[in-house]
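All remarks here apply to the structure that follows.
The values are calculated or read from the model by the stated rules, or taken from the named source; none is laboratory data. The shown structure was predicted, so the numbers you read here are calculated from the model rather than taken from an experiment. When we count neighbours, we look across all protein chains shown, and the Cβ atoms used for this are built from the backbone with ideal geometry, even at glycine.
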Amino acid sequence: MPSATQWQWTRAELFRKVANPSQLLGLLAAEYTDGPARGMRFLQVRSGGGLSATLHPDRALDIGLVEVAGTPISWISPVGPVNPLLSWGDDRPSFQRSFGGGMMVTCGMRHFGAPVTIGDESFPTHGRVHSLPASNVRWGTDWNESRIWVEGVVRETRMGAERLELHRRIEVPIGGTEILVTDRIENVGFREERLEMLYHINLGFPLLDEETSVQLDQAEVDLSGQSGGLDFQGLDGSRVRVTNPALPFAVEITASLPNLMFWYQPDPGMNVLAVEPYIRLEAPLPPRSAMTLQVRITAVDTQARKA
């Protein structure tokens, strides 16, 4: 399976081998034209090393379907992609009717979890950020750093209230099988703000099957008999490895966040494992301050080890 270390060509060398680099890699910008996703933008990134990822700018630049060498590794919900601006009647669809799954759904920025009322404000399931569109979306190919990159800004704000900005950068190595998400969350307002962030990373079949094993920092995680969640707190970052011996690769998820949950639903018609790094700041984020979080998703070749 190709990896970033196997791609040795410079831009000049590549142009000697192909008439157009889009034959191998690049980014396609388009929008859905039918069904609940109609009108929603998407960006399809191809690394040239077997990785393909769909990004959703109208959903916080979250990550939808991801494939490695043609094999899907992400879980798609029964709902599938839904335009966050879509409504039925007078109400927007509930989280259960609009949660499309995909490789990564961002939850926060001031709440994640079940719906709750704090003071005079009601928060929906997993907060608001996953249904907010990114602005200033741009992308490019950095041949010096051998990366395809996408950037955007997501704003969670109200007049006279919170003013939080999520500055997101997604990088995919040319010729590689990795996605790096770097988020800088800024409180651009003039009052303290609660900050809660969870990255809902959803894995499905064929990566998730009867023989699949899960490791957290090299220790086995026993999901047998589980149907719900496991919670690990106080970690110095985390590294999760999900392996199906029937596939030529494993998936590793590393995160800079101090806590991690697993959400496992093996029920027929679901079959999903969510790896969920998260953080809840004990003290509010001060005005005019920021913090940076990172999540890395990598498909690792397991055939070389067997050889």
Matching residues, region 156-181, being within 18 Å of the chain's Cα centre (by Cα) and surrounded by fewer than 17 Cβ atoms within 10 Å (Cβ to Cβ): Arg169
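Per-residue answers, yes or no, for (1) surrounded by fewer than 22 Cβ atoms within 10 Å (Cβ to Cβ); (2) closer than 22 Å to Phe42 by Cα; (3) in contact (Cβ under 8 Å) with a residue 60 or more places away in the chain:
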{"position": "Leu55", "(1), (2), (3)": "no, yes, yes"}
{"position": "Phe99", "(1), (2), (3)": "yes, yes, no"}
{"position": "Ala114", "(1), (2), (3)": "yes, no, no"}
{"position": "Thr117", "(1), (2), (3)": "yes, no, no"}
{"position": "Glu121", "(1), (2), (3)": "yes, no, no"}
Given (1) part of a loop (DSSP other than H, G, I, E, B); (2) more than 21 Å from Val154 (Cα to Cα); (3) not hydroxyl-bearing (Ser, Thr, Tyr), index of the condition Gln96 fails: (1)
Of all residues in region 282-299 being surrounded by fewer than 13 Cβ atoms within 10 Å (Cβ to Cβ) and within 20 Å of Gly237 (Cβ to Cβ), the one that is modelled with the lowest pLDDT: Glu282
Residues that are out of contact with any helix residue (DSSP H, G or I) (no Cβ under 8 Å at 6 or more places or on another chain), closer than 16 Å to Ala299 by Cβ and among the polar types (S, T, N, Q), drawn from region 168-212: Asn202, Thr212
Number of the condition not met by Val240 [criteria: (1) within 15 Å of the chain's Cα centre (by Cα); (2) closer than 20 Å to Ser77 by Cβ]: (2)
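Looking only at region 66-89, decide whether some residue is assigned to a strand (DSSP E or B), without any contact (Cβ under 8 Å) to a residue 24 or more places away in the chain and farther than 21 Å from Gly176 by Cα. Give the derivation first.
Residues of region 66-89 assigned to a strand (DSSP E or B): 66-68, 71-72, 74, 76, 88.
Add one more test, that the residue is without any contact (Cβ under 8 Å) to a residue 24 or more places away in the chain, and what stays is 67, 88.
Filter again for farther than 21 Å from Gly176 by Cα, leaving 88.
Within region 66-89 (the criterion being assigned to a strand (DSSP E or B), without any contact (Cβ under 8 Å) to a residue 24 or more places away in the chain and farther than 21 Å from Gly176 by Cα), the answer is yes, since at least one residue qualifies.
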Criterion violated by Gly269 - all others in (1) surrounded by 13 or more Cβ atoms within 10 Å (Cβ to Cβ); (2) within 30 Å of Thr71 (Cβ to Cβ); (3) small (Gly, Ala, Ser) satisfied: (1)
Of the criteria (1) modelled with pLDDT of 95 or more; (2) within 21 Å of Gln44 (Cβ to Cβ), which one Arg163 fails: (2)
Count of residues meeting criterion [among the hydrophobic types (A, V, I, L, M, F, W, C), closer than 23 Å to Ser52 by Cα and touching a residue at least 40 places away in the same chain (Cβ under 8 Å)] in region 128-164: 6
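If I go through region 266-307 residue by residue, how many of them are assigned to a strand (DSSP E or B) and within 19 Å of the chain's Cα centre (by Cα)?
Looking only at that region, the number is 19.
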Members of region 6-48 that are under 17 Å from Glu67 (Cβ atoms), out of contact with any strand residue (DSSP E or B) (no Cβ under 7 Å at 6 or more places or on another chain) and surrounded by 18 or more Cβ atoms within 10 Å (Cβ to Cβ): Gly48
Sole exception among (1) over 16 Å from Phe112 (Cα atoms); (2) acidic (Asp, Glu); (3) surrounded by 12 or more Cβ atoms within 10 Å (Cβ to Cβ) for Asp236, by number: (3)
Residue that is farthest from the chain's Cα centre (by Cα) [pool: residues in region 187-215 that are surrounded by fewer than 18 Cβ atoms within 10 Å (Cβ to Cβ) and in a strand (DSSP E or B)]: Ser213
Enumeration of residues in region 16-62 that are outside any strand (DSSP E or B), among the charged types (D, E, K, R), over 11 Å from Asn83 (Cα atoms) and touching a His at 6+ places or on another chain (Cβ under 9 Å): none
Hits in region 165-174 (condition: part of a strand (DSSP E or B) and in contact (Cβ under 8 Å) with a residue 24 or more places away in the chain): Leu166, Arg168, Ile170, Glu171, Val172, Pro173
